[in-house]
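Okay, structure first, notes after.
The values are calculated or read from the model by the stated rules, or taken from the named source; none is laboratory data. Note that this is a predicted model, so its numbers are computed, not measured. So basically every Cβ, Gly included, is an ideal-geometry build from the backbone, and we count neighbours across all protein chains shown. These accessible areas exclude ligands, DNA and RNA; they are computed on the full protein's heavy atoms, side chains included. Shrake-Rupley method; radii C 1.70, N 1.55, O 1.52, S 1.80 Å.
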Amino acid sequence: MTRVRTIAAAVVLAALLFVGFRPVGSLPAVGRLLDPWSGVWSVATTAHLPEHAVGGIPGLRDSVLVLYDDRAVPHVFAASPEDAARAMGYVVARDRLFQLDLQARAPAGKLTELLGARALPLDREMRRLGLPQSADRAFAALDSTSEMYRTMGAYAAGVNAWIDGLGRRDLPFEYHLLGARPARWEPVNTLYLLRRMGHMLAYSADELRRERVAALVGEAAADALFPVESPIQEPVQPGAGEHPRVDSTPLPPPGEPAAPPSLVVRGPDERGRVQASNNWAVAPAKSATGYALLEGDPHLLLTLPSIWYEAHLVVPEVLDVYGVTLTGSPSIIIGFNRDVAWSFTTNTADVLDYYVEELDDSERPARYRLDGEWRPLAARVEEYLGARGEVLAADTVYSTHRGPIVWRNGRALSLRWTVLEDQGTSEALYRATTARSVDEWLRTMEAYEAPSQTAVVADRAGNIAVRALGRVPLRPGDGRGDRLFDGTTSASDWVGWWPLERQPFALNPQQGYVASANQQPIDPEDDDTYLGVNWFPPWRAMRINRLLREHDAVTPDDLRRFQTDPGSARADRFVPWFLAASRRLTQAGRDPAGLVAAAALLAEWDRRYTRENARAVLFELAIEELEDRTWDELVPPGEGDASPDARVATPMESVLYRLLYDERSAWWDVRATADVVEDRDLILGQSLAAALERATERYGDPADGGWRWERIRHANIYHLLYVRSLSALGLPVQGGPSTLSPSSGSGVWGASWRQVVELGPEVTARVIYPGGQSGNPVSPRYDDRIAKWQVGELDSALMPELPSQLPADRVLATLVLRPER
């Protein structure tokens with residue numbers, strides 16, 4: 001995208017802010033905002049890194065040299081790990097100060113102090129869930145002499161050294177816009193950040209969703225629609241059986257309601273959910289070069305600036321690691337050193353349970369009943385402050401021995417959640433960056449606790465591995481955690497943890513590769529112990545496994561191409577059912593109006609989500625119509641339509657695919673048509689015909705070009721404050737739902753980082769993320785990577801061992817940091 005990169009750009013920026021700013025809090029006085037010296041105009045003065053700069057940080061033991069390469073990646077050369085952490089805090093604050101501040105305030109429940117009352121619901125959720133309190137407890141429990149404690153303190157010293165050197169005109173433009181100043185960085189903020197990631201990746205309410213469904217269609221049907229085992233098995237841990245394996249047994253029909261009508265409430269619209277990530281590693285025997293290869297592309301919320309910050313840290317004989325860090329963490333989270341590379345995906349294990357509590361008073365409770373006795377509730381008052389220090393609201397938050405209490409449908413539910421108990425994750429991530437082998441990396445990560453992840457790791461010796469990480473609870477009774485527990489008895493409490501030796505794992509498997517894509521990690525035929533529920537369909541896993549099986553001499557460029565591969569296992573599975581049903585209906589004279597034309601158009605599609613394809617839209621609308629017709633039983637009585645907004649929940653597409661094997665299932669019958677009993681083929685045919693009608697109405701004649709995917713599905717990368725004029729919106733991308741580079745309907749989720757690492761005698765890597773290193777909208781480094789990311793290109797990562805090894809013509813800027821007394 002084009003943006004003028006001069007002082008004139010600040011003039012344009014100021015105008016755009018008044019036109020395109022979506023306010024999230026009180027704006028400052030216009031005169032102050034537009035002050036020619038210290039107002040928003042001043043952002044142009046920090047658009048470029050100075051060619052040479054010097055800074056000071058209290059506590060540095062020696063000078064630190066930072067060389068920025070021509071991609072604006074800082075290469076930090078320090079004499080000790082703590083000095084490297086101080087320098088990292090400084091350079092991240094230099095580029096991303098507002099993002100640092102915002103990401104610390106969000107999980108701390110203090111956004112209102114920056115953004116005003118509109119952020120109150122977000123702050124209340126964080127504090128009611130106990131996220132900041134759990135981080136505070138974890139920090140207080142740290143040994144003050146430990147390396148992790150010192151590292152977080154060093155990082156904070158670096159951030160604050162940058163803040164302390166700022167005048168008003170040096171502040172990022174968001175502070176000018178909000179009339180605010182950055183808060184000082186506290187060491188505990190690093191733990192707040194990890195709690196925020198836990199909330200994003202491991203906070204679920206599957207038992208509440210299942211309860212809503214059971215209230216309409218009964219327990220047996222609810223179990224089948226939101227199953228403990230995925231109907232399509234393509235596990236992370238390679239199994240002995242044939243995969244993918246589909247459960248084609250009939251679903252139980254809708255049954256009698258299992259709960260009172262008061263529990264039948266709408267759930268969130270789950271259509272288009274794309275929480276997703278991929279990673280895989282290829283063994284030397286399957287690699288064209290004879291070296292291990294590793295790929296990683298976590299799919300997260302896309303923002304400007306990016307959630308990630310790219311960096312290279314060097315401490316002689318101790319640390320030499322490259323990759324991306326979350327702004328606010330002193331560790332490289334995903335990346336590689338000179339011996340090992342690694343990446344993560346979320347494995348969606350069930351790590352949170354709800355307990356129905358009995359309180360002594362519904363309005364002002366003081367006690368809860370446990371094992372026949374009343375026990376005191378822990379209570380704390382939470383005050384939410386505004387930008388001027390005024391109290392906007394106050395809540396009393398209660399907790400039992402399990403965790404905080406939340407209210408749902410008039411009931412008090414306490415929750416226990418591994419994210420609130422995490423003590424070891426930050427140190428595990430930090431220590432893993434110095435591992436010299438797969439085995440050492442895995443041993444180090446045994447201390448990792450939350451959120452649950454699946455890691456792939458490879459080393460220069462040619463070893464590859466995949467392992468589920470994080471503590472997963474063992475429950476009493478049948479072990480399942482997808483139902484609400486009775487909080488009045490301690491017999492409902494967790495009884496232990498999954499032992500490490502039973503966690504899904506593979507080391508150097510015979511197939512020559514390992515891969516994960518958020519699917520159920522272990523085949524229940526290998527271990528049927530409850531691990532989770534309502535797993536994401538394994539469409540992406542099926543596609544990457546197919547690609548890797550078909551290639552016996554995989555190159556790094558193959559892995560790059562796979563990252564944006566437009567093929568779809570989902571379309572490959574569903575399209576034949578639509579076409580076969582259309583043929584049968586036509587032959588029997590039962591075809592709905594428009595079905596013949598719709599089937600002919602769908603048959604033209606090669607099932608690839610390329611930007612220029614003009615048939616994917618028909619398939620996507622057909623799937624929407626199919627879900628609406630099939631799951632009408634999940635709409636509460638009186639709602640009037642079967643849209644996803646009206647349903648209490650929507651089963652995963654893997655359940656819908658299982659249903660296709662049962663031609664006469666009661667689920668196919670539409671309740672609104674009392675005089676007709678629909679079967680599978682009729683519902684498929686009606687869905688496809690309706691999709692054609694909708695596509696034509698919305699996008700015009702299929703021959704006129706309006707159906708091209710690039711005109712319909714886009715990536716949307718919003719600025720942190722949703723300033724549209726500072727966002728990258730409407731970006732055509734290759735990929736669709738459940739392709740390896742999945743795109744959501746909103747376009748705000750996607751590949752937040754892509755890396756391909758070859759672990760040869762010299763480790764080489766190619767990387768990209770959507771955005772740029774700078775948070776300054778008028779900087780050329782704000783969005784300079786988006787164009788390459790959009791088309792699936794990668795940049796070569798520079799990894800000099802010594803400052804002299806970075807070519808002079810590749811040095812963008814130099815920063816020397818010195819001890820400050």
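Please identify every one of the trypsin sites (Lys or Arg not before Pro) in segment 369-410 that sits in a loop by DSSP and has no more than 10 other beta carbons within 10 Å of its own beta carbon.
Hits after loop and neighbour filter: Arg388.
Of Trp417, Gly772, Asn279, which is farthest along the charge dipole of the chain in the positive direction, counting Lys and Arg as +1 and Asp and Glu as -1 at C-beta?
Ranked along the dipole, the leading option is Gly772.
Keeping every protein chain present and rolling a 1.4 Å probe, give me the accessible area per residue for segment 555-714 in Å².
Averaged over the residues of segment 555-714, the accessible area is 39 Å².
Calculate for the chain the 222 nm mean residue ellipticity that helices alone would give, adding -39,500 (n - 2.57) per DSSP H run of length 4 or more and normalising by residue count, nearest 500 deg cm²/dmol.
Here the helix-only value at 222 nm equals -9000 deg cm²/dmol.
Could you work out the relative contact order of the chain? I mean the mean sequence separation of Cα pairs under 8 Å and 6+ apart, divided by the number of residues, in percent.
With pairs under 8 Å counted, the relative contact order is 21 percent.
If you average 1/r across every pair of different Cα atoms in segment 618-740 and take the reciprocal, what Kirkwood value do you get, in Å?
Computed over Cα pairs of segment 618-740, the Kirkwood hydrodynamic radius comes out at 16.8 Å.
Please give me the summed charge of the neighbours of Trp494: other residues whose Cβ is under 12 Å from its Cβ, Lys and Arg +1, Asp and Glu -1.
0
Tell me which GluC sites (Glu not before Pro) from segment 68-159 have a DSSP coil assignment and no more than 12 other beta carbons within 10 Å of their own.
Qualifying residues, ordered by number: none.
Any chance you could check the Cα centroid distance between segment 424-458 and segment 594-610 for me, in angstrom?
46 Å
Which whole-number value in Å³ per residue fits the convex hull of the alpha carbons of segment 357-404?
Residue-normalised Cα hull volume stands at 74 Å³.
On the first, second and third principal axes, largest extent first, how far apart are the outermost C-alpha atoms of segment 514-561 in Å?
38, 19, 13
Using only the alpha-carbon atoms of the chain, report the extent along each of the three principal axes, biggest first, to the nearest angstrom.
Principal extents (Cα only, largest first): 84, 66, 59 Å.
Less than 13 Å Cβ to Cβ from Glu219, Lys/Arg counted +1 and Asp/Glu -1: what total charge do the surrounding residues give?
Net local charge, Glu219 excluded: -1.
For segment 171-180, what does the Karplus curve 6.51 cos²θ - 1.76 cosθ + 1.60, with θ = phi - 60°, yield as ³J(HN,Hα) per residue in whole Hz, taken in order and with x for Gly and Pro?
Computed from phi, the couplings for segment 171-180 are 5, x, 4, 4, 5, 4, 5, 8, x, 10 Hz.
With the full set of protein chains in place, find how many percent of the accessible area of the chain is carbon and sulfur; take the probe as 1.4 Å.
Ligands and nucleic acids excluded, carbon and sulfur give 51 percent.
In Å and on Cα atoms, what radius of gyration and Dmax does segment 494-631 show?
Spelled out, the Cα radius of gyration and Dmax of segment 494-631 are 19.9, 60 Å.
Rolling a 1.4 Å sphere over the protein heavy atoms, what is the accessible area per residue of segment 448-535, to the nearest Å²?
For segment 448-535, the solvent-accessible area averages 34 Å² per residue.
Does segment 722-821 come out rounded, prolate or oblate by the C-alpha gyration tensor, with a ≥ b ≥ c the root eigenvalues, rounded set by a/c under 1.5 and, if not, prolate when a/b is larger than b/c and oblate if not?
Because a/c hits 1.5 or more and a/b fails to exceed b/c, segment 722-821 counts as oblate.
Please give the Cα centre distance for segment 503-582 versus segment 704-748, rounded to the nearest Å.
So the two Cα centres are separated by 24 Å.
What number results when the radius of gyration of segment 342-436, computed over Cα atoms, is divided by 2.2 N^0.38 Å?
So segment 342-436 has a normalised radius of gyration of 1.50.
Report, in whole Å, the centroid distance computed from the Cα atoms of segment 767-799 and segment 168-195.
What the calculation gives is 23 Å, centre to centre.
Sum up the charges of everything whose Cβ sits under 13 Å from the Cβ of Ala161, counting Lys and Arg as +1 and Asp and Glu as -1, but leave Ala161 out.
+2
Give the dimensionless ratio obtained when the Cα radius of gyration of segment 67-148 is divided by 2.2 N^0.38 Å.
1.42
Could you give log10 I(q)/I(0) at q = 0.19 Å⁻¹ for segment 103-225, computed by the Debye formula over C-alpha point scatterers of equal weight, without solvent?
Listed by q, the Debye log ratios stand at -1.10.
Once you charge only the Cβ atoms, +1 for Lys and Arg and -1 for Asp and Glu, what is the size of the charge dipole of segment 369-450 about its Cα centre, to the nearest 20 debye?
260 debye
What does the charge dipole of the chain about its Cα centre add up to, to the nearest 20 debye, if the Cβ of each Lys and Arg holds +1 and the Cβ of each Asp and Glu holds -1?
Here the chain has a charge dipole of around 2200 debye.
Let's see if you can work this out: charge +1 on each Lys and Arg Cβ, -1 on each Asp and Glu Cβ, no other charges. What is the dipole magnitude of segment 468-549 about its Cα centre, in debye to the nearest 20?
500 debye
How many Å² of accessible area per residue for segment 352-437, probe 1.4 Å?
Dividing the accessible area of segment 352-437 by its residue count gives 46 Å².
Given contacts defined as C-alpha pairs under 8 Å and at least six residues apart, what's the relative contact order of segment 392-498, whole-number percent?
Relative contact order for segment 392-498 comes out at 17 percent.
Normalised by the residues of segment 324-404, what does the relative contact order come to in percent, with Cα pairs under 8 Å and at least six apart?
This gives 14 percent for segment 324-404.
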